[in-house]
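A short write-up of the structure that comes next.
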Amino acid sequence: MRVEQTERLTRDLVRVHFSGDGLRALEPKPVTDAYVKLLFPPRGADYAAPFDPEQIRAERPREEWPVTRTYTIRAIDHAAGTMAIDFVVHGDAGLAGPWAAAARAGDVIGFLGPGGAWAPESEAAHHLFV
């Protein structure tokens, strides 16, 4: 998927808006905890997105495999092929936060998913979270 735009929501929160044909092909899931696994080449890798993660896993040693980070989908429009994800940025620490802070329109990143399984009972008058 491609970065369309980023929004700095707060000092430490960046929302990244994505688009791509892969998003149109996703089956809608009626769940509230939908997530994707973003695929980052490891530091020093001689490949960049787009890449085939299965091919890399089959042909390269484990230390060269893509690094995954799981993120909750903030919003998705299957028909339009768009998705938004919020990233917490802790300065230069971590992998996904610095990537999101530096992301620009046109950047490409791979993903796996979506996953998720929880859907609250629509007939229930209340839900209690503990």
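Please treat every number below as a calculation from the coordinates, not as lab data. Bear in mind that the values here come from a model prediction, so they are computed numbers and not experimental data. Counting neighbours? That spans all protein chains shown, and the Cβs are built from the backbone with ideal geometry, glycine included.
Provide 19, 122 in ascending order of the number of other Cβ atoms located within 10 Å of each residue's Cβ, fewest first.
Ordered by Cβ neighbours within 10 Å, fewest first: 122, 19.
Starting from 0.36 nm per residue, how many nanometres of slack lie between residue 9 and residue 56 once their C-alpha separation is accounted for?
13.4 nm
Before anything else, pin down the relative contact order of the chain: Cα pairs under 8 Å, at least 6 apart, normalised by residue count, whole percent.
38 percent.
Add -39500 (n - 2.57) for each DSSP H run of 4 or more in the chain, then divide by its residues: what number comes out at 222 nm, to the nearest 500 deg cm²/dmol?
-3000 deg cm²/dmol
Calculate the translational D of the chain in whole µm² s⁻¹ from Stokes-Einstein, where the hydrodynamic radius comes from the Kirkwood formula applied to all Cα pairs, the temperature is 4 °C and the viscosity 1.567 mPa s.
Translational D for this selection: 81 µm²/s.
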